[in-house]
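To start, the structure under review is shown below, and the notes come after it.
No value in this document is a laboratory result; all are computed from the given coordinates. These numbers were taken from a predicted model, which means no experiment stands behind them. In this analysis, Cβ positions are derived from the backbone assuming ideal geometry, glycine residues included, and neighbour counts consider all displayed protein chains.
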Amino acid sequence: MVPQMPVHLKGNLSKQSRFFNLLPFKLTSRRTQSFALFANLPTELCLLILTYAARPKFAPNRRERRKPYSSALALCRVSRTFRRIVLPLLLHTILLSEAKNVIAFIHALTMQEAYAQQENHLHVDYAAHIHRIWIGEIQRSDFDNVQFDEGLRSFLYVLAPVLLASKSIAFNFQSLFILRICIENALISYFDSNANKSFPPPSPWSIKTLTLSGDVAHYGLMDAVLLYAFHASITHIIFLSPPRLQFNSNFLPLNVARMPDELLCYDIFHRMSECTFPWDFLKSLQSISVVIPHITLRMTSLCPSLYPEFGWKNVPVEMRTFTAPMDYLSGRWAQEIPHAHSLRDEGLISSADVRTTFLSTLRTDNYRHAFLHWEQAWACGIRT
């Protein structure tokens, strides 16, 4: 039963007023009619309820991988006012895990360009609301079945200003070709529009944090001198371990983060020392973080070959953050990171959880496999 008396909000009213000032419109009597379902509640409380309901659900502990934007998209269909409130929340963090997600997102951007030309009320400036973008493991071949009018570079042209306007981006090393094309497209447009200006505007990107997942030794932007300015603007880099790890089951139980190097199929610190990452270009770099999963594998039966382990659980991950040195001497920093990790008092340590799927293939190759769903942890747990 809805109470028939006014509901008073608790908390700091000045903070609430600042929240409403961030809305893309001013509340009017006409717009408040959209809250008829909450007729007995203050408009401010209705907005807070709507904000809570619309926020994407990135929780890594959900047994089923629900679509994180489903609630927000449903609310957008209620009314025009609901849509204007919900969209900034929906667009804050964008997860594009597969090529089909990137293609759908580019089609949405193309529609917004058409709305802008038509002065349609459905137009929303995506770049103004997107703060973080994740692009998963995508290869060029994933776009082979897409019909391009003028090739992949032109197809990604509309993505460049939105991607580069965000503060934090995350890429798998396999998908860095998308970032490279976007940067090159932005630079071409930047030089064309400012060729005759004595004082050109700042660089065409706002990215400060770059998160990279996969094998750090396969960095795909290091050979482009044209991208020097982009690297020079990065202040924080986060390295995630590859999303797929495998371990020899003969050495169970063990904690993967504390495995001897000779038993670990992938040692992130060793790979960083071999990385061709352009350390010399990172003139603004303030810190570097390395995220390590703490996976403990155990025997599940006396005869594991007959009862393979399969399932999922939340795995704690440890993020060690190191302050950048004053001198940038190419690979020297990468060589020193493993030593810093071995010292207990080195680096700022924070932790989160990442949803991990386990699969045992003991019948065929005597290995156990762990599949880490980094995108969910990045969206809600790993500080970026």
Q) Around S241, which amide H atoms from residues at least 5 apart in sequence, or from another chain, sit under 5 Å from its own amide H, with H modelled in the peptide plane? A) V291
Q: Express the C-alpha Rg of the stretch 102-153 as a ratio against the empirical globular expectation 2.2 N^0.38 Å, rounded to two decimals.
A: 1.37
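State the extension gain, in nm to one decimal, for the chain segment bounded by V78 and S189, taking 0.36 nm per residue of separation less the distance between their alpha-carbons. It would help to have the intermediate numbers written out before the result.
Working: separation 111, 0.36 × 111 = 39.96 nm, distance 3.83 nm.
Value of the extension gain: 36.1 nm.
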Q) Given H placed on each backbone N at 1.01 Å, which residues far from T211 in sequence or on other chains put an amide H within less than 5 Å of it? A) I169, A170, F171, I238
Q: List every residue whose amide H lies under 5 Å from the amide H of V354, counting only residues 5 or more places away in sequence or on a different chain, with H placed 1.01 Å from N in the peptide plane.
A: V315, V317
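Once you have the Kirkwood Rh of the stretch 97-214 from its Cα pairs, apply Stokes-Einstein at 4 °C and 1.567 mPa s and quote D in µm²/s. Let's see the in-between values first.
Details: Rh = 15.3 Å.
My calculation gives 85 µm²/s for D.
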(Q) Could you derive backbone 3J(HN,Hα) for the stretch 187-192 from the dihedral phi with the Karplus parameters 6.51, -1.76 and 1.60 (θ = phi - 60°), listing whole Hz in sequence and x where the residue is Gly or Pro? (A) 5, 4, 5, 5, 5, 5
Q.
Testing the spin-label approximation: label points 7 Å from Cα along Cα→Cβ at H131 and K283. State their distance in nm.
A. 2.9 nm
**Q.** Per-residue ³J(HN,Hα) for the stretch 161-173, Karplus 6.51 cos²θ - 1.76 cosθ + 1.60, θ = phi - 60°, Hz, x for Gly and Pro
**A.** x, 6, 4, 7, 7, 6, 7, 9, 10, 10, 9, 7, 4
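Which of the trypsin sites (Lys or Arg not before Pro) found in the stretch 77-133 are in a DSSP loop and have at most 11 neighbouring Cβ atoms, other than their own, within 10 Å? Each step should come with its number before you reach the end.
Numbers: sites: R77, R80, R83, R84, K100, R132; in loops: R77.
Here the trypsin sites (Lys or Arg not before Pro) that fit, given the DSSP loop and packing criteria, are R77.
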